Structure formats: C-alpha cells, structure tokens
1. Determine one quarter of the surface area of the Cα convex hull of region 208-302, which equals its mean projected area, and express it in nm² to one decimal.
2. Between residue 406 and residue 134, what FRET efficiency comes out of the Förster formula 1/(1 + (r/R0)^6) with R0 = 60 Å and r the beta carbon distance, rounded to 0.05?
3. Enter the per residue convex hull volume of region 409-459, computed from alpha-carbon coordinates, in Å³ rounded to the nearest integer.
4. On a 0 to 90° scale, report how tilted helix 23-45 is relative to the longest principal axis of the chain, with both axes built from alpha carbons and the result rounded to the nearest 10.
5. Using only the Cα atoms, work out Rg/Rh for region 96-192, with Rh taken as the Kirkwood radius, to two decimals.
6. Can you give me the angle between helix 337-347 and the longest principal axis of the chain, using Cα atoms only, in degrees from 0 to 90, rounded to the nearest 10?
7. Return one number: the angle in degrees, 0 to 90 and rounded to the nearest 10, between the long axis of the Cα atoms of helix 254-265 and the longest principal axis of the Cα atoms of the chain.
8. Ranked highest first by average number of other Cβ atoms within 10 Å, how do 323-336, 436-449, 108-121 line up?
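Computed from the coordinates by the stated procedures, all read-outs in this text should not be read as laboratory data. Bear in mind the structure is a predicted one, so any value in this text is a computation, not a measurement. We place every Cβ from the backbone using ideal geometry, glycine too, and count neighbours over all the protein chains shown.
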Ligand code: SF4
C-alpha cells in the first residue's frame, strides 16, 4: 500500500519531509510530472498561434472578472429559461447544505460524483458521509484515492503519487482482484465493472463545471473517461457545482479555452469528452449550484484577483520544482501547487501562511499558465502581506529583517562574509553538523580565502 503523506494539521515543510523519505518515489513523481510538462511543451509548439490564444484567453477572463455580477445574472436568467434550477452558495457550508437538501428532497442516500475540485474544496464527500449519504467518485484516479481514504494529490491526476503495484493491492482489498496483479488494463477493466454497477444503481449524479456560458446558460464538463456523461445521463437528478469564476461570456469563446485546457494539462489536443449540458431531459431535474466561497473577496483585491482566471489545467503544478519534489498532499489544501498557494491564504491566512513560501519564485508557473496569471508575482506579494500581518514565525521574520539590513549595508555584508568564511575554514563543524538540516543532503564546499568582490578588485584590468 502507498505510504500515507496525508496528515491534517501538518505544515508544508513537515509533509514534504514525509514525502521525501522515499527517494525513489520522489524521483519518479518528479520525472512523471516533468514528462507531462514536456508533452505540454510539444503541444504548445505545434500550435503557431499559441501565444495569441493565451493572450486572448487572458483578456476574455479579464472581461469576465470586470463584469462578473452582470454575467452571473445573465447566466442565471438563461439557465432558468432552459429549465435548470439555479442555487447560490456564499460558502462551502451553504454549498454542502444545498446539495444535501436536494438529495433529501428526493429521498436519496446514494449518489455518483465525477471529478469536481470545487466539491473537494468544500469537503462535500466528508459532509455527506456524516449525513449518511454514500458517495462514489467515478473518475478512476479519484476512486483510487477515495478507496485509500485520501484526498487527491493533483487536480488533473488525482493519484499521481500511487504506483501501479500499490493500486493492484488496493483493488485486491476493495474490489477482490487477484493479489499481485498490477496490469493497468486489467485494473482499469475491474474498476469499470465495479463502477458500472454504481452508475446503474444511483438516481443522483454530481458533476463539476469547466466552463459556463452566460449567453446561453449552458455548461461544459471535460473528462477523459466519460464518467460525467454516464452519471448525468443515467440519473434522475443532475447537480452541477461550479465556482462563480467559471463563466465565459459567449459560446464562441469556448474554442479558445478548449484548445488551451487539455494541451496545457496533459499534452492532449483535446479531452476525450467535452460534454455540453443545456437543459434537463424530459422527467429529469437539473440543478446548478453557484459557489462564492471567498471568490468575491479575491476579486476585490487588485493584487490577487487575477488568480480567478485559473482554468485548473495543473500546468503550473507539473512544472513547479517544489511541487514535483514535495507531492500534492504537502500543500494541505484541495488545490495544491503554485495556484493553490495563492488561493488558499485568501480562505484562511493563518492555516495557509506557509504555502506562498513553498516556491522558488523561478517563474516557470507563470510561463506555462494558459491564461497568463502572474503566479510567481502573486506568491511574492502574499509573502509580503503575510509577513506584514504577522502570520509567519518570529524567527523567520527576524532573520529576513537581519538579512535585509545586512544586504543594504555593504560594509557589514563584507565583514560578515569574511567572518563566515573564516569560521567555515577553521571550525566547519559549527555549521556542518547534525543540527543543521541544510547539510543533511549537501556537502559543504571549501570556502575561498577571497570573496568575489576582493578577487575582482585585485584582478580587474
Ligand atoms: S494557474 Fe494557470 S497553469 Fe495553474 S492551474 Fe490555473 S490555469 Fe493552469
């Protein structure tokens, strides 16, 4: 079975350390995500107008954010005309209560759910379980982590931290597959047979929403497995849960986003299924729950509102050197990685104050983002806000201030360098010892007698 990296209440550093205990796992996690990043690069290069698409998508989303309330009202009016019941939720709790209310109204205690990061953000599964509702996740990756009792570690590849042998063992325990069989087609077939029974037995299906069109009141759900369609078409009640930022003004804008989404996510030209839902079929009920949960607050911030342009492609995670080597669970929030580190402190500054620091600020995330969010700039801004508001440890704050003072006083900087080099030469054990975690996996270089500044002064022409 997979080692558990999921420990509620722990910090990013603690969870990353736990993930790093298994070096082999870190290596293949890193290499697998880098392979996905390279597929994304090849796909992006194969589209000559790629940068134009990114710029267009960014501007469309800017337009949505600048008139969000109007677009939401237009969407609600159109969806209602189509026969869809529209609900509004201020926060996660209200979203969960609305969904539970619909289930109660239909006397239902079992339902299927396709992948929806919004429901992960709202902890819907846990809430419904407490109310006695049996939820079956139908995306294969999500089903694997659900059987394992874990949250997803990646928004597109939920069980990317699991090896096929571990999945074979999990299926042996939960689905009765032969012990030791880790053949992916065999395991996928076993999951398909088990899920088919669930699809046929459930009357209610929940899906997420990738894009919602204000002009028509329709919405689009993208999957590779067709599980959202299967659930929605077999159910008497379809509930679609969406964050209020998922809107696009016009249907023709979809072409821009569908071309960008999957190329950025997995390096595919398009998702296998891009399913459009507009109205319930005769005899069926269709509900849409529009969820705020901190988004209006993010919208009101000049520094962070751009993060609401996110289309959840995960390209920023696949490229991030910290994410690839620390694993998604280390971010202890539903949306991990660089974008999650911007979104989460907006919900709870104290709980997520560590996340904006889990970055090298190398800017690779911003370079690959299909909607041109300046992710690394926002991470840097969050650091300033969190330090100013007192959400980081006193030791960290003092050391940053000491470093700031030293770097702004050249004389002190030169003196500090001299003293440091002398100590490292004559008493290396003072810094290179078991108490200093920096040296756990590093060799201390032999310090030079001269600093670069001294050398340059002596050797410049
Ligand atoms: S921030 Fe950009 S790259 Fe990251 S998930 Fe969102 S759209 Fe994709």
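1. That works out to 7.1 nm², a quarter of the Cα hull's surface.
2. According to the calculation, E is roughly 0.50.
3. Cα-based convex hull of region 409-459, divided per residue, equals 96 Å³.
4. Orientation of helix 23-45: about 70 degrees from the principal axis.
5. 1.02
6. 80
7. The angle comes out at about 50 degrees.
8. Per-residue mean Cβ counts within 10 Å order the peptides as 323-336, 108-121, 436-449.
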